[in-house]
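**Student:** This structure is in structure tokens; I'll ask about it shortly.
The values are calculated or read from the model by the stated rules, or taken from the named source; none is laboratory data. Quick caveat: nothing in here was measured; it's all calculated off a predicted structure. Positions of Cβ are backbone-derived with ideal geometry, glycine not excepted, and every protein chain shown enters the neighbour counts.
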Amino acid sequence: MILSDKRILEEMELGTILIEPFKKECLGTNSYDVHLGRHLATYKDRVLDAREHNKIDTFEIPAEGFVLQPNTLYLGVTAEYTETHKHVPFLEGKSSTGRLGIDIHATAGKGDVGFCNTWTLEISCAQPVRVYAGMPIGQLIYFAVEGEIEVMYNAKKSAKYNKRGVKPVESMMWKNKF
């Protein structure tokens, strides 16, 4: 079940959902619009290795915007910090973003109950497109969970994306054993 706007507000009052900063005008019928943060990153190497710690170059989006190029993976970050203590958050692109040829995530659209952070975006584009810090980039949708949670994401020792930040975070696949 997807939470409605009124239910999202009720859960915020209860403290089970936190969105900072929160702007009422960003609340949709059953979602909350999130915005592109100030920082983007690209990987330093063109060939990535799943067993290695692939380093990134992080930079601030200038006031005049930044032109994304096809065939390049950009890591972005939401301007909003979120916490979800009872629901499963899903991050989806906005239709207006998609109509510019921008994808905001490759595979990581679902968060876990207990996820407390900004969202790293895996941005790609179909053709060159200029983006700006603060532009609407996606929307969070909250799903109810059936059953009790044994271990929340923010309490897992194996959680790799718990460190709060305002910059994109590179893949931590290299921390897995395989």
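**Student:** Scan Ile19, Ile8 and give me the residue that is within 19 Å of the chain's Cα centre (by Cα), outside any helix (DSSP H, G or I) and at negative phi.
**Tutor:** Ile19
**Student:** So Gly165 passes all but one of these: (1) assigned to a loop (DSSP other than H, G, I, E, B); (2) at pLDDT 90 or above; (3) out of contact with any Lys or Arg (no Cβ under 8 Å at 6 or more places or on another chain). Which condition number does it fail?
**Tutor:** So Gly165 meets the others, but not (2).
**Student:** Quickly run through the range 167-178 and pick out the residues that are surrounded by 13 or more Cβ atoms within 10 Å (Cβ to Cβ) and either of a type outside the set (Asp, Glu) or without any contact (Cβ under 8 Å) to a residue 24 or more places away in the chain (or both).
**Tutor:** Lys167, Pro168, Val169, Ser171, Met173, Trp174
**Student:** Let me ask you something else. When the residues of the range 106-140 are filtered to those that are touching a Gly at 6+ places or on another chain (Cβ under 9 Å) and β-branched (Val, Ile, Thr), which remaining residue is farthest from Leu91 (Cα to Cα)?
**Tutor:** Checked the range 106-140; the qualifying residue farthest from Leu91 (Cα to Cα) is Val129.
**Student:** Does Tyr142 satisfy the condition of being hydroxyl-bearing (Ser, Thr, Tyr), in contact with a helix residue (DSSP H, G or I) (Cβ under 8 Å, 6 or more places away or on another chain) and at pLDDT 95 or above?
**Tutor:** yes
**Student:** Given the criterion crowded, with 19+ Cβ neighbours inside 10 Å and over 23 Å from Asp45 (Cα atoms), identify the matching residue among Leu121, Leu91, Leu75, Leu100.
**Tutor:** Leu91 is the lone residue from the list that is crowded, with 19+ Cβ neighbours inside 10 Å and over 23 Å from Asp45 (Cα atoms).
**Student:** List pairs: first in the range 41-63 and closer than 13 Å to Gly76 by Cβ, second acidic (Asp, Glu), Cβ under 9 Å, 6+ apart or cross-chain?
**Tutor:** Ala41/Asp57; Ala41/Glu170; Thr42/Asp57; Ile56/Glu170
**Student:** Does Gly147 satisfy being out of contact with any Asp or Glu (no Cβ under 6 Å at 6 or more places or on another chain), without any contact (Cβ under 8 Å) to a residue 12 or more places away in the chain, more than 18 Å from Leu68 (Cβ to Cβ) and of a type outside the set (Asp, Glu)?
**Tutor:** Yes: the conditions hold for Gly147.
**Student:** Can you tell me which of (1) outside any strand (DSSP E or B); (2) in contact with a helix residue (DSSP H, G or I) (Cβ under 7 Å, 6 or more places away or on another chain) is the one Asp33 doesn't meet?
**Tutor:** Unmet for Asp33, out of (1) outside any strand (DSSP E or B); (2) in contact with a helix residue (DSSP H, G or I) (Cβ under 7 Å, 6 or more places away or on another chain): (1).
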